[in-house]
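Undergrad: Here it is, the structure in full.
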There are 2 protein chains.
Amino acid sequence: MSGLTLTPLAGVPMIAEGDDLAGIALDAIPASGVTLRNGDVLVFAQKVVSKSEGRLVRLDSVTPSAKAVELGRTTEKDPRIIELVLSESSEVLRAIPGVIIVQHRLGLVLANAGIDRSNIGGEEHALLLPLDPDASARRIRDDIQRRAGVDAGIMVIDSIGRAWRNGTVGTLIGSSGVETLLDLRGKPDLFGRHLETTEVGWGDELASAASLVMGQASEGWPIVHVAGSSLLRRDAQSEALLRPKNKDLFR
Amino acid sequence: MSGLTLTPLAGVPMIAEGDDLAGIALDAIPASGVTLRNGDVLVFAQKVVSKSEGRLVRLDSVTPSAKAVELGRTTEKDPRIIELVLSESSEVLRAIPGVIIVQHRLGLVLANAGIDRSNIGGEEHALLLPLDPDASARRIRDDIQRRAGVDAGIMVIDSIGRAWRNGTVGTLIGSSGVETLLDLRGKPDLFGRHLETTEVGWGDELASAASLVMGQASEGWPIVHVAGSSLLRRDAQSEALLRPKNKDLFR
C-alpha cells in the first residue's frame, strides 16, 4: 500500500455550456505540478459537469404545478424549485419546513434532488444533476484516452447529506473505470475468520477524499487529480452503491 | 489549496492491551518515509485503539439476558453478541434476520453497536468500541506532543454502514485537534449568493479518505499519516457530527 495523493487542479476557469472538460483538465494538469498516468483518477464536481452539459434552467421559465405549489407551502420553498425537484424525482420521502428529501430518478436519496440555485447576471437559475452522470464520466474518459493516450478513471461527485449525521460528504454519482463497491465477503480477516457481510463503499470514500480538497463556498477547485495504488478497475458501476429500496430499512 | 497526502504507516505490529499507540506511531513514522509536522493528522483504526484499551471480551464470559435471547432469535445472531450490543446501546432501531441497527451509547447509529468478532488462540472474542474515543484521541495527542514536541490532530475511525447506500465508509468516532463539522452558513458561494444550509462533514470526509489506504480484510495498515493544508483546528468536537434525534427524519 503506497498511499494516496490528491491534488486540486489549478487554473480551471468558470465552466459554461459546451465547454470541453477533458481539454480543460488536460490543460490544467501540467500547471498543477502533476502528471496523469494510467490508473490515476480525475474527480469532477457535479456542478462543472452539469454546467458543461447545459443543465442550467432559468427559474422564470418554470411554471409550478398545483402539487409543487402545495409542497412549496409545506416546505417553505420556491414552488418553481419544487417543480424542478418533482420533475427530477421518482418519490418524495420527506417534506417538512426547510427540507425536501427525494429519491432522484438516478436512484440517489438526497435533498432538493441535488438542485442548486444560482444567480447569473441578475437572473435566477437552478442547476440540475447531469442527465446520466455515468455517461458523462465515460465520455470524459474516452476523450482523455483519445487525446492524451492515458486511461484515467473518472468520477463525478456531489456533496450529499446523510441520515443520522450532520454535514454533507462528497458522494459518487457517476463514474467510469474506477472501483465503486468493494466486495470482501468470504475473505479472511486479520484473525482468519471469514468476513460475512463486509462491502466497502470505496467510490464514496474516494469521493469524500476528493471533496476535502475541492474547497468550499466561493473558493473552487472543481477538478481533483488522485494518484495511488490499484485505483483503476474497469467493470465497476456507480449503481452498485445504490441500496435497493426493498433492502433499505430507513425509507 | 495544496492538496492532501495520505500515507499508511509501515511496520505497525499486532496491538495488545496496554500497548503504547503514540510510541508505536512515532516509531513507524520515519520507516514510512514521512515526517510528522504540526498540523498533520494521524488517523487510527478503531480496532487498534479498542485493543490497546482492553476492550476485548471473551464470549464464554457473557450470559445473555432473556431479551438478548429473544433478539438473537429475531436477528439469527449469537445471543451473547446481542447481549453485548444491548449493553453498548441506548436504543434498538431495527432488528431483522441478519441485521441489528442501534443507537450506540456514544450517539452513533450503526450495526451491531460496532462490535467485531475475533478468534484469538481458539477462543471467541468480541471487540467493543473504545469507552470514550474522544478521550482516547486526546491522550494519544498529548503523548505525541510531550514526546515529539509536535501538535498533530488525532482521529479514531470505524467503517460504518449508511442508509440508502451500499457499503461501509470510514467514519469519525473520536478526535482531538481536527476539524469535524465545517459550518459555511452565511458564506458567499461562487455566484455571490449566501449559502443557506451548508455544513460539511469534514471529519467524516477525512475518515473516509484514511480508510481508503488502511487496506481491508487480512491486510492492515491501521495508522495513517495525513499531510495537507489547514487540517488542524483545536476546538472541534466529534460530537458535532451526530445529528440529534429530534432533527433526524430517518429513525
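Undergrad: Would you confirm, using the coordinates I've provided, whether A:VAL49 is buried (at least 19 other Cβ atoms within 10 Å of the Cβ) and away from chain B (no Cβ under 14 Å)?
TA: Working: buried (at least 19 other Cβ atoms within 10 Å of the Cβ): yes; away from chain B (no Cβ under 14 Å): yes.
Criteria met by A:VAL49.
Undergrad: When you go through B:ALA113, B:ALA22 one by one, which is the residue that is surrounded by 14 or more Cβ atoms within 10 Å (Cβ to Cβ), outside any loop (DSSP other than H, G, I, E, B), at positive phi and more than 10 Å from every other protein chain (Cβ to nearest Cβ)?
TA: Working: B:ALA22 fails: at positive phi.
Unique residue meeting the criteria: B:ALA113.
Undergrad: Regarding the stretch A:185-192, can at least one residue be identified that is at pLDDT 80 or above, of a type in the set (Gly, Ala, Ser) and in contact with a Leu (Cβ under 9 Å, 6 or more places away or on another chain)?
TA: Going through the stretch A:185-192, the residues at pLDDT 80 or above turn out to be none.
No: the stretch A:185-192 contains no residue that is at pLDDT 80 or above, of a type in the set (Gly, Ala, Ser) and in contact with a Leu (Cβ under 9 Å, 6 or more places away or on another chain).
Undergrad: Sticking with this structure for a sec: Take the conditions over 30 Å from A:HIS225 (Cβ atoms), modelled with pLDDT of 95 or more and touching a Leu at 6+ places or on another chain (Cβ under 7 Å) and apply them to B:SER89. Does it pass? Let's see the steps before the verdict.
TA: Values: over 30 Å from A:HIS225 (Cβ atoms): yes; modelled with pLDDT of 95 or more: yes; touching a Leu at 6+ places or on another chain (Cβ under 7 Å): no.
No, not satisfied.
Undergrad: Exactly one condition in (1) more than 11 Å from chain A (Cβ to nearest Cβ); (2) out of contact with any Gly (no Cβ under 8 Å at 6 or more places or on another chain); (3) under 26 Å from B:ALA163 (Cβ atoms); (4) not basic (Lys, Arg) is not met by B:LEU129; state its number.
TA: Only one criterion is unmet by B:LEU129, namely (2).
Undergrad: Next up: Please find, among A:LEU71, A:LEU9, A:LEU4, A:LEU56, the residue that is more than 29 Å from A:TRP202 (Cβ to Cβ), touching a strand residue (DSSP E or B) at 6+ places or on another chain (Cβ under 7 Å) and within 12 Å of another protein chain (Cβ to nearest Cβ).
TA: Numbers: A:LEU71 fails: within 12 Å of another protein chain (Cβ to nearest Cβ); A:LEU9 fails: more than 29 Å from A:TRP202 (Cβ to Cβ); A:LEU4 fails: more than 29 Å from A:TRP202 (Cβ to Cβ).
After ruling out the rest, the residue left standing is A:LEU56.
Undergrad: From A:ILE82, A:ILE15, A:ILE29, grab the single residue that is within 12 Å of another protein chain (Cβ to nearest Cβ), surrounded by 20 or more Cβ atoms within 10 Å (Cβ to Cβ) and β-branched (Val, Ile, Thr). Break it down stepwise before answering.
TA: Details: A:ILE82 fails: within 12 Å of another protein chain (Cβ to nearest Cβ); A:ILE29 fails: within 12 Å of another protein chain (Cβ to nearest Cβ).
Unique residue meeting the criteria: A:ILE15.
Undergrad: Then there's this: Of the conditions (1) in contact (Cβ under 8 Å) with a residue 60 or more places away in the chain; (2) in the same structural domain as A:SER208 (by TED's automatic domain parsing), A:LEU106 clears all except one; give me its number.
TA: Condition (2) is where A:LEU106 drops out.
Undergrad: Pick from the stretch A:32-46 the residues that are farther than 19 Å from A:GLN145 by Cα and outside any loop (DSSP other than H, G, I, E, B): which of them is farthest from the other protein chains (Cβ to nearest Cβ)?
TA: First, the residues of the stretch A:32-46 that are farther than 19 Å from A:GLN145 by Cα: A:32-33, A:45-46.
In the following step, the residues that additionally are outside any loop (DSSP other than H, G, I, E, B) were identified as A:45-46.
Working: A:ALA45: 11, A:GLN46: 13 Å.
Ranking the qualifying residues of the stretch A:32-46, first place goes to A:GLN46.
Undergrad: Applying the selection to the stretch B:155-174, what residues are within 7 Å of chain A (Cβ to nearest Cβ) and under 22 Å from A:HIS104 (Cβ atoms)?
TA: If the condition is that a residue be within 7 Å of chain A (Cβ to nearest Cβ) and under 22 Å from A:HIS104 (Cβ atoms), then B:ARG162, B:ALA163, B:TRP164, B:ARG165, B:ASN166, B:GLY167, B:VAL169 are the ones that fit.
Undergrad: Every residue in the stretch A:85-104 that is hydrophobic (A, V, I, L, M, F, W, C) and either within 14 Å of chain B (Cβ to nearest Cβ) or more than 26 Å from A:GLY220 (Cβ to Cβ) (or both), please.
TA: Of the stretch A:85-104, the ones hydrophobic (A, V, I, L, M, F, W, C) are A:85-86, A:92-93, A:95-96, A:99-102.
Listed by number, the residues that qualify are A:LEU86, A:VAL92, A:LEU93, A:ALA95, A:ILE96, A:VAL99, A:ILE100, A:ILE101, A:VAL102.
Undergrad: When you check B:VAL213 against the structure, is it modelled with pLDDT under 95, crowded, with 17+ Cβ neighbours inside 10 Å and either within 11 Å of chain A (Cβ to nearest Cβ) or farther than 15 Å from B:VAL43 by Cα (or both), yes or no?
TA: On the way: modelled with pLDDT under 95: yes; crowded, with 17+ Cβ neighbours inside 10 Å: yes; either within 11 Å of chain A (Cβ to nearest Cβ) or farther than 15 Å from B:VAL43 by Cα (or both): yes.
Spelling it out, B:VAL213 is indeed modelled with pLDDT under 95, crowded, with 17+ Cβ neighbours inside 10 Å and either within 11 Å of chain A (Cβ to nearest Cβ) or farther than 15 Å from B:VAL43 by Cα (or both).
Undergrad: Does the stretch B:163-177 contain any residue that is surrounded by fewer than 21 Cβ atoms within 10 Å (Cβ to Cβ) and under 22 Å from A:ASP204 (Cβ atoms)?
TA: Residues of the stretch B:163-177 that are surrounded by fewer than 21 Cβ atoms within 10 Å (Cβ to Cβ), as a first pass: B:163.
Cutting the leftovers down to under 22 Å from A:ASP204 (Cβ atoms) gives us B:163.
Looking for residues that are surrounded by fewer than 21 Cβ atoms within 10 Å (Cβ to Cβ) and under 22 Å from A:ASP204 (Cβ atoms), one finds at least one in the stretch B:163-177, hence yes.
For (1) touching a helix residue (DSSP H, G or I) at 6+ places or on another chain (Cβ under 9 Å); (2) surrounded by fewer than 22 Cβ atoms within 10 Å (Cβ to Cβ); (3) not aromatic (Phe, Trp, Tyr), each residue gets a yes or a no:
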| site | (1), (2), (3) |
| --- | --- |
| B:PRO97 | yes, yes, yes |
| B:LEU108 | yes, no, yes |
| B:GLY149 | no, yes, yes |
| B:GLY153 | yes, no, yes |
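Undergrad: On the given criteria, is A:ARG138 of a type in the set (Lys, Arg) and either away from chain B (no Cβ under 14 Å) or over 21 Å from A:MET214 (Cα atoms) (or both)? Walk me through it before giving the result.
TA: Working: of a type in the set (Lys, Arg): yes; either away from chain B (no Cβ under 14 Å) or over 21 Å from A:MET214 (Cα atoms) (or both): yes.
Here the answer is yes, as A:ARG138 does meet what is asked.
Undergrad: Further question: Are any residues in the stretch B:60-86 part of a helix (DSSP H, G or I) and aliphatic (A, V, I, L, M), and if so, which ones? So that I can check it myself, show each step before the final result.
TA: Looking only at the stretch B:60-86, we keep the residues that are part of a helix (DSSP H, G or I), and these are B:60-61, B:66-75, B:79-86.
Within the stretch B:60-86, B:ALA66, B:ALA68, B:VAL69, B:LEU71, B:ILE81, B:ILE82, B:LEU84, B:VAL85, B:LEU86 qualify.
Matching residues to (1) charged (D, E, K, R); (2) within 30 Å of B:PRO8 (Cα to Cα); (3) assigned by TED's automatic domain parsing to the domain that holds A:VAL178:
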| site | (1), (2), (3) |
| --- | --- |
| A:ILE24 | no, no, yes |
| A:ALA28 | no, yes, yes |
| A:ALA31 | no, yes, yes |
| A:THR35 | no, yes, yes |
| A:PRO64 | no, no, no |
| A:LYS77 | yes, no, no |
| A:GLU88 | yes, no, no |
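Undergrad: Check the stretch B:226-248 and report whether any residue there is assigned to a loop (DSSP other than H, G, I, E, B), facing another protein chain (nearest Cβ under 7 Å) and at pLDDT below 90. Reasoning before the result, please.
TA: Keep residues of the stretch B:226-248 that are assigned to a loop (DSSP other than H, G, I, E, B), which gives B:229-231, B:233-237, B:243-244, B:248.
Then keep just the ones that are facing another protein chain (nearest Cβ under 7 Å); that gives B:243, B:248.
Now narrow it down to the ones that are at pLDDT below 90: B:248.
Yes, that holds for at least one residue.
The values are calculated or read from the model by the stated rules, or taken from the named source; none is laboratory data. Small disclaimer: the values here were computed from a predicted structure and weren't measured. Every residue, glycine as well, gets a Cβ built from its backbone with ideal geometry; the counts of neighbours run over all protein chains shown.
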